[in-house]
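Scroll down for the structure; my scribbles are underneath it.
The values are calculated or read from the model by the stated rules, or taken from the named source; none is laboratory data. Every value quoted in this text rests on a predicted model; they were computed, and no experiment measured them. Here the Cβ is made from the backbone with ideal geometry for all residues, glycine too, and neighbour counts use every protein chain on show.
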Amino acid sequence: MDDKRRIDDVVVPRATTRRAVLRGVSAGVAAALLPAVDACVPRAAGAAAAAQDLPGYYPPALTGLRGTHAGVLEAGHALRDHRPRPAPQATGEAYDLVVVGAGISGLAAAYLYRQQVPDARVLLLENHDDFGGHAKRNEFTLDGHLQLMNGGTYSIESPRPYSAVADGVLRSLGIEATALAERIQSPQFYESLGLQSGIFLDRETFGADHLLRRDPAVKWSQTLALTPLSARARQDIARLEESHVDYLPGLSLDAKESLLATISYARYLREYVHVDAAVIAFYQQRTHGLWGIGIDAVAALEAWSQALPGFEGLGLGRRTSPLMGPTAAGFIETGGSVDVHLPDGGATIARALVRALVPAALPGTSLDDLITSRADYAALDRPGQPARVRLNATVVGVANLGQSGEGVRIDYMRGATVHRVLARHCVLACWNAVIPHLCPELPAEQQAALREAVKTPLIYASIAIADARAFSALGVRDIHAPGGYFSDIALNECVAIGQYATPRTLESPTLVRMSRTPCAPGLPEHDQNRAGRAQMLATSLPAYEAEVRAQLQRMLGAGGFDAERDIRAITINRWPHGYAREFNPLWDRWRPEAERAHVLGRARHGAITIANSDAASFAYMDAAIEQAHRAVHELIDA
């Protein structure tokens, strides 16, 4: 059970001054780092204004290709490919802390650092045009009403209850998960209107397009009766879903567990449950949401942990094993954290952290008014502020000053110009695999460990539609597509908080979310990730939009949906480096925690340390916050 210490134990600043941070630093080096000129140097006369300072700059309302948008990857890829770049220009700026990356880890690191050192000056450098990292916000104005959707992180759920550290940060921002979930969510809203889940069988995979409505009160044999599936496939699915058969007779529970950890769920279904090939296709994408890969690359033991069918007769109970990955083990052991979906997903947490760091950027006093507050991007990076967030700034070099880490120099690109700032401390809150390119002075063993963090590519599409009447006519609120380009679509969650509320009638304009995790079935997990990333980056916005329109038309056309008439806007949130890598027993060699790549990779190096979900090998918000806490204390307590 989590430590139940009072929140004050976590977030109240201790009596620490900037002098305490500087202990061990010579006066000469300190003077060099903090010149007499003010650290917040105004823009040079005649210099062009930064994009974020221009009138009308407001990324959340942009549609089209978002997430990792055009212009984000170019400087990083040039760094990777060792292409020459201009010499850096000194800005004259010096800070107590520079954070590379303004996602949840980066924002939390800045926030926690300033709690420990209240007069610290902090700069966050973010290569995207918005803060939040994967916790992005998509805004739409439909018939005069604001509607929100997550462009990345969906909710604050985690496989385990939040630790005192992570929960403490949220509480200090006014977010108490249990009370919030009860107050703002209406999880039974669509069901109260008679809508259930659906499954769309596509003609390319199953022989004909067919949408089935899954009513839990109806037996599978009846649900499947009119589908294009063969009689054998229908029987096998019904057997899987409704029968309790021991498909591993004669094996002890330990032997069953060991076997299930070394075979994929697809192989288990094929060789032990002996299902028809169409059944494997029916379940192929069921694991995409948690792992970003299909059942051919997820261990059967992991599939069992998520209650996929075929295991009820094995007698495994709720046992856990060191052979499990952290997601599977966490949910089995604890049932997971409180699951709160805010209107814009994890973006609310990012906005709350920005409000705490730069109050002028998000005026207001409560979580309720934060939801509808319009961010003032020009306020993020003003001279004289103790905390500044600089967007469209891609860091291309980080190095310690001196042999003992007496400070750090950080080079970043904006446009074709390289700028240099100095800092006492630096937190690298970007993703692990880029860090060896940013900081080549890291030890070779640490660089190798960082490169092991192959992330999962993800696409979250936010679609504005004229109304939800087609969903109503078909009796569904969400649809899983086992062979679809997008594996899942769903009506926006029903949420009400402050002045914000999602529509309460199906005749109103609304939002639909669609998700895709591109992969290459048949390959090892991380080869699938690489292949999916390459395919993602090679796909144009018109191609994505065509897939959205075609799939929605095929799924919803029988309910009266007309893609040309009913789609009002499309936002494609493309994340080529999405979920952090987790231990997968099917592909990864088991190692003690201290020897795992994420632990070796996150080691402090002089005045530089690392904070991100990669550093926890755990793709959840609480992990990002906990790693920020660790990184800050590594620097301050050194």
Please pick out the residue among 87, 102, 51, 120 that is of a type in the set (Gly, Ala, Ser), over 21 Å from residue 380 (Cβ atoms) and touching a residue at least 12 places away in the same chain (Cβ under 8 Å).
87
Within the range 380-409, of all residues that are among the hydrophobic types (A, V, I, L, M, F, W, C) and assigned to a loop (DSSP other than H, G, I, E, B), the one farthest from residue 89 (Cα to Cα) is 380
Being crowded, with 23+ Cβ neighbours inside 10 Å and under 19 Å from residue 58 (Cα atoms) is the filter here, so list the residues in the range 339-356 that pass it.
343, 344, 345, 346, 347, 348, 349, 350, 351, 353, 354
I'd like to know if the range 77-99 contains one or more residues that are of a type in the set (A, V, I, L, M, F, W, C), surrounded by 18 or more Cβ atoms within 10 Å (Cβ to Cβ) and within 24 Å of residue 571 (Cβ to Cβ).
no
Name, by its number, the condition in (1) in contact (Cβ under 8 Å) with a residue 60 or more places away in the chain; (2) exposed (fewer than 14 other Cβ atoms within 10 Å of the Cβ); (3) of a type in the set (A, V, I, L, M) that does not hold for residue 199.
(2)
If I ask for residues that are of a type in the set (Gly, Ala, Ser) and farther than 23 Å from residue 459 by Cα, which ones from the range 300-312 would you list?
300, 305, 307, 310
Identify the residue in the range 210-258 that is assigned to a loop (DSSP other than H, G, I, E, B) and in contact with a strand residue (DSSP E or B) (Cβ under 6 Å, 6 or more places away or on another chain) and, among all such residues, is surrounded by the fewest Cβ atoms within 10 Å (Cβ to Cβ).
215
Checked the range 58-68 for anything buried (at least 19 other Cβ atoms within 10 Å of the Cβ) and either β-branched (Val, Ile, Thr) or part of a loop (DSSP other than H, G, I, E, B) (or both); matches are 68
Kindly check whether there is at least one residue in the range 362-379 that is touching a Lys or Arg at 6+ places or on another chain (Cβ under 8 Å), part of a strand (DSSP E or B) and within 26 Å of residue 573 (Cα to Cα).
no
For the range 528-540, which positions are surrounded by 15 or more Cβ atoms within 10 Å (Cβ to Cβ) and either of a type in the set (A, V, I, L, M, F, W, C) or farther than 28 Å from residue 135 by Cβ (or both)?
531, 536
Answer yes or no as to whether residue 366 is touching a residue at least 24 places away in the same chain (Cβ under 8 Å) and in contact with a Gly (Cβ under 9 Å, 6 or more places away or on another chain).
yes
In the range 549-565, anything surrounded by fewer than 21 Cβ atoms within 10 Å (Cβ to Cβ) and at negative phi is listed as 549, 550, 553, 554, 557, 558, 559, 562, 563, 564, 565
Can you tell me which residue among 459, 489 is closer than 17 Å to residue 566 by Cβ and either in a strand (DSSP E or B) or under 26 Å from the mean Cα position of the chain (by Cα) (or both)?
489
Scan 490, 501, 496 and give me the residue that is surrounded by fewer than 18 Cβ atoms within 10 Å (Cβ to Cβ), in contact with a strand residue (DSSP E or B) (Cβ under 9 Å, 6 or more places away or on another chain), free of Cβ contacts under 8 Å to residues at least 40 places away in the same chain and not assigned by TED's automatic domain parsing to the domain that holds residue 346.
501
Odd one out for residue 397 among (1) surrounded by 22 or more Cβ atoms within 10 Å (Cβ to Cβ); (2) in contact with a helix residue (DSSP H, G or I) (Cβ under 7 Å, 6 or more places away or on another chain)
(1)
Options 325, 313, 294: the member that is crowded, with 20+ Cβ neighbours inside 10 Å, under 30 Å from residue 251 (Cα atoms), modelled with pLDDT of 95 or more and small (Gly, Ala, Ser):
294
Among the residues of the range 406-439 satisfying the criterion of being of a type in the set (Gly, Ala, Ser) and closer than 14 Å to residue 608 by Cα, which is surrounded by the fewest Cβ atoms within 10 Å (Cβ to Cβ)?
407
Yes or no: residue 580 under 18 Å from residue 113 (Cα atoms), touching a residue at least 40 places away in the same chain (Cβ under 8 Å) and buried (at least 23 other Cβ atoms within 10 Å of the Cβ)?
no
